[in-house]
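Take a look at the structure set out below.
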Amino acid sequence: MGQTIKLAIDVRDLRIAKTGARTYLEEICRELQQEHPGFSIHFIDTWLPVYTGKNKLLKITEHIRFFCWKQILLPLICFVKGIDILYCTDYFVPCLKLNYQTAVLFHDAFFWEYPEQYNRLWLKLLNTIGLRAARRADVVVTVSEYSRQQIIRYTGIRPERIHAIHLAPKTTHSHPAPKQQPEQQRPNPAKKYILHVGVLEKRKNLPNLIRAYSRLLQEGYTDYDLVLAGGRINKEKIDDSAQIQQLIKDHQLEGRVILPGFVADAALEAYYANATVYAFVSVNEGFGLPVLEAFQHHLPTLISDNSSLPEVGGDAVVTCNPFDVNDITEKLKMIICNPALQQQLKEKGRQRLAQFSWQKSTEALLQLFQAIHGASNPPAEKLV
């Protein structure tokens, strides 16, 4: 029997992470709580306070605490525990490697693709401390081949050290909810609706989806509402809620475009279960988990023809040009007017979904860690 690898997971990010980043860490931790021969799993959390408010001084203090944790306390804890591999899922690993190997997850390359949308101080810290540590890491994990190529393009990290492992939908969505209306600010029960799930962020391209929906109404498809399930994002440069509200007003879509805000899992199940079409017309996604969630709820799905989305959707989706409002409208009409296509998409979505699971993702991750343990060079990238 080979030596047991002591693997540490930094779980501090569970205190602050949201959306896909939180889903990833929760699901990986859930899988790692199972028995995995050859591994001893350690979940390491901070005892330092974590501030999530808006006060600028306290936010600066929180940044200081974060780097104290990552660059001083976490390395010391791993050294004392005799950790073999430390895995961090929030872009940052320690620069200091005290007799252990490091692995880091980059969900995407958005920090480098859209630098104008992020705090300059945070970007400077990422590009100095974060990238320096990532370049010294034994492996960088990401979530799609598209993200892998973007990280290679922007970071200068050696391509052979970057490995793509696909995600899977949230475990809580494993069983579709009964056909009942959500409790939160639900759509008109007499109406069908097109659904989008995600924060009101600029790259989600929701203004173009609203414009396409307005054209749909003008062409007589008045049976459908549009539901944009998701809250505002707490970053002014990224948040798109003001433009969304203005477009709704300009196109006189009050009562037709439904904005329930952040929707808890139980209610979100019902939103998926009652939708007619899922529309995901983002201009950039590192992976696009809602596509798999739509498949899970047997929804015919429209996605953008760019970034990682075709990689995830495969042949189980209809694609559109997210920059062309007319194309979005026509593709929505194509799905709505074609029951045979809807059934075909549902069946292909079911087949496509079978290729993704957190068990597969975790097994691929552990195989990667076994390969790099004690090796000077990691293996070629592995994609599941």
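Here are some values of Rg and Dmax of the Cα atoms in Å: (1) 21.3, 64; (2) 27.9, 116; (3) 21.7, 69. Which one was computed from this structure?
(3)
Compute the accessible area per residue over the stretch 1-100, keeping the other protein chains in place, probe 1.4 Å, unit Å².
Accessible surface, normalised per residue, equals 52 Å².
Got a number for carbon plus sulfur as a percent of the stretch 1-44's accessible area, 1.4 Å probe?
46 percent
Place the peptides 13-20, 162-169 in order of packing, highest mean first, counting for every residue the other Cβ atoms within 10 Å and averaging per peptide.
162-169, 13-20
If I stretch the segment between Arg153 and His36 completely, what's the gain in nm (0.36 nm per residue apart, minus their alpha carbon distance), one decimal?
38.7 nm
Using only DSSP helix segments of four residues or longer, with each worth -39500 (n - 2.57), what per-residue ellipticity at 222 nm results for the chain after dividing by its residue count and rounding to 500?
On the way: 15 runs with 150 residues, N = 384.
That calculation yields -11500 deg cm²/dmol at 222 nm.
Can you tell me which of 223-232, 139-148, 260-269 comes out highest on packing, and rank the rest after it, using the mean Cβ neighbours within 10 Å?
Working: 223-232: 21.1, 139-148: 24.2, 260-269: 16.1.
Peptide ranking by packing, descending: 139-148, 223-232, 260-269.
For the stretch 74-178, which whole percent of the accessible surface, found with a 1.4 angstrom probe, sits on carbon and sulfur atoms?
Ligands and nucleic acids excluded, carbon and sulfur reach 57 percent.
Ordered by residue, what ³J(HN,Hα) values in Hz, to whole numbers, does the stretch 221-232 give under the Karplus form 6.51 cos²θ - 1.76 cosθ + 1.60, where θ = phi - 60° and Gly and Pro are x?
Working through the residues one at a time gives 8, 8, 6, 10, 8, 10, 10, 10, 8, x, x, 5 Hz.
Antiparallel DSSP bridges in the chain: what percent, to the nearest 5? Could the numbers behind the result be given before it?
Working: 1 of 37 bridges.
Expressed as a percentage, antiparallel bridges in the chain total about 5.
For the stretch 316-379, give the percent of accessible area contributed by carbon and sulfur heavy atoms, probe 1.4 Å, rounded to a whole number.
About 47 percent, which is the carbon plus sulfur part of the accessible surface.
Which whole-number value in Å² is the accessible area per residue of the stretch 235-299, probe 1.4 Å?
Here the per-residue accessible area is 36 Å².
The values are calculated or read from the model by the stated rules, or taken from the named source; none is laboratory data. Predicted model, so just to flag it, every value in this text is computed and none were measured. All Cβ positions, glycine included, derive from the backbone under ideal geometry; neighbour counts span all protein chains shown. Side chains included, ligands, DNA and RNA excluded: accessible areas come from the protein's heavy atoms. Shrake-Rupley method; radii C 1.70, N 1.55, O 1.52, S 1.80 Å.
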